[in-house]
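Notes follow once the structure below has been shown.
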Amino acid sequence: MREQVLAWLAENVPASRVNHIIGVEQMAVDLAVHHNLDRVNAAVAGLMHDLAKYFPPQKLLQMARIEGLEIDKVIEANPRLLHAGVSAIVARDLFGVNNEEVLQAIANHTLGRPGMSLLSCIVFLADSLEPGRGDTPELQALRQLSRQNLDQAVWKTSDYTLKFLLETPYLIHPRIIATRNWFLQKSKSQQLASQIA
Ligand SMILES: [Fe+2]
Ligand SMILES: [Fe+2]
């Protein structure tokens, strides 16, 4: 199946994006092995997370409407945010992926989601932190944290994304803030529990 997906990507995605996708696949597998998760699920989710990245906005909106995905004001203003949810649809309909956790991990890779699964966490982290994203001290620290504590890593990586977004003229979707708050609170309650113990 991997070869089939790579052949499809070569036709539908620029080469630089394919490099990013392979970087996400590899980092998701590394994190899955490190955290004792299923490496095949991580590889599939990583490889397919950006299938719809270059679909035109009208196509994203149309597919999302048919599927019944939520389209709020921020998404209406920036339909590209739908590429995560629509990539999951393509993974299911074109490549026969039927593992719900894998499909959710694809759908959650951009904005995260409060309470998302460990697989979703590692794909979310790999998307922002794969080696092609750069090699600043901040990224290096986040990569290290993603091996030590997934909850803290999702919180801090959401902060990193938010800081980046504040420098751009794009609307910020409230779900990335909800993700950040949820994983911040979970990290804090874990710290408290370990202090009491
Ligand atoms: Fe993406
Ligand atoms: Fe991506």
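The values are calculated or read from the model by the stated rules, or taken from the named source; none is laboratory data. What you see is a predicted model, and the numbers here were worked out from it, not measured in a lab. Cβ coordinates were reconstructed from backbone atoms using ideal geometry, including for glycine residues, and neighbour counts include every protein chain displayed.
Taken together, Ala107, Ala141, Ala153, Ala178 contain a single residue that is out of contact with any Asp or Glu (no Cβ under 8 Å at 6 or more places or on another chain) and closer than 14 Å to Asp50 by Cβ, which is Ala107. Residues in segment 128-179 that are touching a residue at least 40 places away in the same chain (Cβ under 8 Å), aliphatic (A, V, I, L, M) and within 30 Å of Glu76 (Cα to Cα): Leu129, Val154, Leu171, Ile172, Ile176, Ala178. Here Ala77 meets the list (1) away from ligand 1 (no atom under 16 Å from the Cβ); (2) surrounded by 15 or more Cβ atoms within 10 Å (Cβ to Cβ); (3) small (Gly, Ala, Ser) almost entirely, failing just condition (2). Take the conditions at pLDDT 95 or above, more than 24 Å from Ile176 (Cα to Cα) and hydrophobic (A, V, I, L, M, F, W, C) and apply them to Val44. Does it pass? So Val44 does not fit the description; no. Could you go through segment 96-111 and let me know if any residue there is surrounded by fewer than 16 Cβ atoms within 10 Å (Cβ to Cβ), among the β-branched types (Val, Ile, Thr) and on the phi < 0 side of the Ramachandran plot. Within segment 96-111 (the criterion being surrounded by fewer than 16 Cβ atoms within 10 Å (Cβ to Cβ), among the β-branched types (Val, Ile, Thr) and on the phi < 0 side of the Ramachandran plot), the answer is no, since none of the residues qualifies.
Mind checking which residues of segment 16-56 are among the hydrophobic types (A, V, I, L, M, F, W, C), buried (at least 20 other Cβ atoms within 10 Å of the Cβ) and part of a helix (DSSP H, G or I)? Within segment 16-56, Ile21, Val24, Met27, Ala28, Val29, Leu31, Ala32, Ala42, Val44, Ala45, Leu47, Met48 qualify.
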